[in-house]
Amino acid sequence: TGPDIFIPSAFTPNNDNKNDILKPIPVGITSLLYFNIFNRWGQLIFTTHQIGEGWDGTYNGSMQPPGAYVFTAEGIDFTGKKVFKKGTVVLIR
C-alpha cells in the first residue's frame, strides 16, 4: 500500500497494558497535522499532532463511557501529499 494513516477500530483502556491507548499508525507519513477524537455530541475531547501520542479514554481526568467515538486525522506523506482519514472507533470497558 501507499502512505496511509491506520486507526484501530476499537481499544480497551483498562490498564492491562494491551490496547490501552488509541493512537494512529502512520505508514510513510513524515508529519501528523492532527489526530482528533470527538464524542457523540461533536465535542472535541482529544487532539494531538505528535506521532506516537494517543488517547487514553479520558477527558478532563474522567473516564469516558463505552461507545463509539469519531476520529479525524491528517498527515503529510514523504512525497508532500496530504493524507486524510475519518471514521469511528469503539471504546470498550
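At-a-glance table
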read-out	value
Residue ranges of strands (runs of 3 or more DSSP E) in the range 1-78 with at least 2 members out of contact with any strand residue (DSSP E or B) (no Cβ under 7 Å at 6 or more places or on another chain) and either surrounded by fewer than 16 Cβ atoms within 10 Å (Cβ to Cβ) or acidic (Asp, Glu) (or both)	none
Residue list for the range 1-29, filter: modelled with pLDDT of 95 or more, among the small types (Gly, Ala, Ser) and either farther than 29 Å from SER62 by Cβ or over 13 Å from the mean Cα position of the chain (by Cα) (or both)	GLY28
For PHE84: the one exception among (1) assigned to a loop (DSSP other than H, G, I, E, B); (2) touching an Asp or Glu at 6+ places or on another chain (Cβ under 6 Å)	(1)
Test result for PRO8, out of contact with any Phe, Trp or Tyr (no Cβ under 6 Å at 6 or more places or on another chain) and in contact (Cβ under 8 Å) with a residue 24 or more places away in the chain	yes
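The values are calculated or read from the model by the stated rules, or taken from the named source; none is laboratory data. These numbers come from a predicted model, not from an experiment. Methodologically, a virtual Cβ is constructed for each residue, glycine included, from the backbone with ideal geometry; neighbour enumeration extends over all protein chains shown.
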